[in-house]
Amino acid sequence: MSVSYRDTSRPIGNEAILVVEGDDEFHLLIRLLKREGLEGRIDIRPPYQGVAELGVYLPEVLAKTSGFRDVRRLGVLRDAEEGGIEDALRSVSAALTSVFRSAKLTHCGRFETVDIGPQQRVHVGAFISVPCLEGLCLAPARMGADPAMPCVEAYLECLAAHVTDSTQAQRLKRRLYAFLASRSDPRLRPGQAADANYIDLSDPCWQPLKDFLNELAGGESWRKDSTRC
Amino acid sequence: MYTSLEIKGFRCFKHLSIPKLARLNLIGGKNNTGKTALLEGVRVLGGVAWDPAAVLGDLYYPRGFGEGEVAALGASALAASLPEGAPIAFAGQASPVGWPASVTLSRTPGGPWDLGIEVDGHLHAAVQFGPLMGHHEEEAPGCRIILVPSRDRFTKARMSRLFGGLQKRRKTDLVLNALKRLEPAVEAVQMIMIGDEPVLHLDLGGPELLPAPLVGEGMNRVCEIVLAEVAAARGILLVDEIENGLHYSVMADVWRTVADTAVDLDVQVFATTHSHECVEAAYAATEGMPEDTFLYHRLDRVGDDIECQTYSPRGLEIALQTGNEVR
């Protein structure tokens, strides 16, 4: 099944589904799945907006979408924001519990097996970005000492004197958008920026997320262990 | 108002359970998932005691048969289309006293249908549904239920019967008020004879009143829905494929009119749809109304049975905002 960038209104069409938070993450993940050759093996669902919405989104939207009954693997992508990985896992677990009765996730990126009634066993896992996915987008630019980065940092430093109440995640988002605004086409959002190679998805910093997505797609470890799936 | 519904052994339903119903209930789902059958189930549950013959007709109309054909088909074709053996059962929790809580249709091989109706905890009436078609108690329990089919328009005769009933009860101003919400140019609604037939006419301010069927497909559809809803006061309105004949841009106005009329006249509405715009319009038209005003239900085929997913208003809001498929 190919993923359309525009037509997000469709039933669930795969036994592996990925839930992400926010439009930018959604479009970036579409590119990452395509790059990894996973676009036909994972159905990325239209994104929820905001951490608080996840608790309603999972039971009231996702679990009621046509085709959910055939889901066997579910991955959730979330930013840690200020609370850290453990807090984020707790919040994802609480949201999952409203669908699966009991789903306690304790490790970022690790899948747990949960049952929905007698006929549906689902493997669920969460990948938590610390503090947010935008941090990964910037890692290659920072490491590669992009010539625009000193200007970006100077801008952020100047801004910090006037905006004092921002979180680390917000500062990283500002850094990413300032960096993207420095490119030859300054209008691009993260997904488009990946298409234009402004964000380097081949950088090793993406590997843990890629491993998670491969596991979700039904990678080697699922096939080795016959008790899974 | 029915607050829950169960249907067993009818059409494609082995056991359909909808634990929560609202005043306005929009039903979606793929083809052959029982959307029309659900309307028929409500029709039987609430109305079979009121008028068994009319219920029989309403089990045929949505399937494309006209009034004359229904009379010719009689009960035998219906009986042939339903299984022998296990009884067909319809049940619901209802708030008004006198609305049937359960209806059971059972049949011995080759024999007539036995109809059992339970109201307020008592088996109120039991008549034979086959050879005794049309025979029913004068004071049988039930509620007024009117079905607007998807494909065939109301005949002129049916429109005039409905309108005549409202004239008799001095309620035609309610139809006018509802139509005015959708088309402010409508100044009056009247039944005028054309040849030997009475035909509903609309006064749109021109030199002559216009027959409703000539005003346009959309206006005619709206007339049917509004007329049926007003006539179903304190009862139930069933509309199959409510979006038929209506441009998406008027759907929110139609739903607003249907919702306001339903609240004003204490009508419970069940409508089916294939249209995403219709779901959005119904949600938008009822946003801000009390929690039990509107629910969207989707029917899914699961194995050889049908299941219902009911979206909470908040869940539907998020699904529509995020572009998740709900049909």
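What the table shows:
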read-out	value
Cβ pairs under 7 Å, 6+ apart, first in the stretch B:18-36 and within 18 Å of B:Gly235 (Cα to Cα), second at pLDDT 95 or above and of a type in the set (Phe, Trp, Tyr)	B:Ala22/B:Phe294; B:Leu24/B:Phe294; B:Asn25/B:Phe270; B:Leu26/B:Tyr296
Whichever residue in the stretch A:119-130 is under 12 Å from the mean Cα position of the chain (by Cα) and not hydrophobic (A, V, I, L, M, F, W, C) and, among such residues, is nearest to A:Leu180 (Cα to Cα)	A:Ser129
Checklist (1) over 14 Å from A:Leu133 (Cβ atoms); (2) in a loop (DSSP other than H, G, I, E, B) applied to A:Gln207, failing item	(2)
All positions within the stretch A:36-54 that are in a loop (DSSP other than H, G, I, E, B) and within 13 Å of chain B (Cβ to nearest Cβ)	A:Arg45, A:Pro46, A:Pro47, A:Gln49, A:Gly50
In the stretch A:60-95, residue nearest to B:Glu325 (Cα to Cα) [restricted to those that are of a type in the set (Lys, Arg) and not in a loop (DSSP other than H, G, I, E, B)]	A:Lys64
Matching residues in the stretch B:268-312 - criterion: being closer than 13 Å to B:Arg23 by Cα and surrounded by fewer than 21 Cβ atoms within 10 Å (Cβ to Cβ)	B:Met289, B:Pro290, B:Glu291, B:Asp292, B:Thr293
Of the criteria (1) part of a loop (DSSP other than H, G, I, E, B); (2) within 13 Å of another protein chain (Cβ to nearest Cβ); (3) touching a strand residue (DSSP E or B) at 6+ places or on another chain (Cβ under 7 Å), which one A:Leu105 fails	(2)
Selection from the stretch A:139-164 of residues that are surrounded by fewer than 21 Cβ atoms within 10 Å (Cβ to Cβ) and modelled with pLDDT under 85	A:Ala139, A:Pro140, A:Arg142, A:Met143, A:Gly144, A:Ala145, A:Val163, A:Thr164
Qualifying residue in the stretch B:179-186 (condition: under 23 Å from the mean Cα position of the chain (by Cα), exposed (fewer than 14 other Cβ atoms within 10 Å of the Cβ) and of a type in the set (A, V, I, L, M))	no
Qualifying strands (runs of 3 or more DSSP E) (wholly inside the stretch B:173-269; at least 3 residues being touching a residue at least 40 places away in the same chain (Cβ under 8 Å) and out of contact with any Cys (no Cβ under 9 Å at 6 or more places or on another chain))	B:197-203, B:236-239
Residues located in the stretch A:55-96, provided they are facing chain B (nearest Cβ under 9 Å), among the charged types (D, E, K, R) and farther than 19 Å from A:Asn14 by Cβ	A:Glu60
Filtered residues of the stretch B:17-27 (kept if touching a helix residue (DSSP H, G or I) at 6+ places or on another chain (Cβ under 7 Å) and surrounded by fewer than 23 Cβ atoms within 10 Å (Cβ to Cβ))	B:Arg23
The lone exception for B:Arg327 - which of (1) of a type outside the set (Phe, Trp, Tyr); (2) under 20 Å from A:Arg10 (Cβ atoms); (3) touching a Lys or Arg at 6+ places or on another chain (Cβ under 9 Å); (4) at pLDDT 90 or above it fails	(4)
Test: residue in the stretch A:123-137 that is modelled with pLDDT under 85, surrounded by fewer than 19 Cβ atoms within 10 Å (Cβ to Cβ), outside any helix (DSSP H, G or I) and not small (Gly, Ala, Ser)	yes
Any hit, the stretch A:4-19, residues being part of a helix (DSSP H, G or I), within 14 Å of chain B (Cβ to nearest Cβ) and in contact with a helix residue (DSSP H, G or I) (Cβ under 8 Å, 6 or more places away or on another chain)	no
Residue ID - nearest to the other protein chains (Cβ to nearest Cβ), chosen from residues in the stretch B:299-327 that are within 24 Å of B:Phe10 (Cα to Cα) and in a loop (DSSP other than H, G, I, E, B)	B:Arg327
Among (1) touching a residue at least 24 places away in the same chain (Cβ under 8 Å); (2) not in a helix (DSSP H, G or I), the one test that A:Val163 misses	(1)
In the stretch A:8-56, the residues that are hydroxyl-bearing (Ser, Thr, Tyr) and in contact with a Ser or Thr (Cβ under 9 Å, 6 or more places away or on another chain)	A:Thr8, A:Tyr48
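Residue by residue, here is whether (1) modelled with pLDDT under 90; (2) surrounded by 21 or more Cβ atoms within 10 Å (Cβ to Cβ); (3) in contact with a strand residue (DSSP E or B) (Cβ under 9 Å, 6 or more places away or on another chain) holds:
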| site | (1), (2), (3) |
| --- | --- |
| B:Ala188 | no, no, yes |
| B:Glu197 | yes, no, no |
| B:Leu204 | no, no, yes |
| B:Glu217 | yes, no, no |
| B:Ala228 | no, yes, yes |
| B:Ile236 | no, yes, yes |
| B:His247 | yes, no, no |
| B:Val250 | yes, no, no |
| B:Ala262 | no, yes, yes |
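The values are calculated or read from the model by the stated rules, or taken from the named source; none is laboratory data. What you see is a predicted model, and the numbers here were worked out from it, not measured in a lab. As a convention, Cβ positions derive from the backbone with ideal geometry for all residues, glycine included, and neighbour counts pool all protein chains shown.
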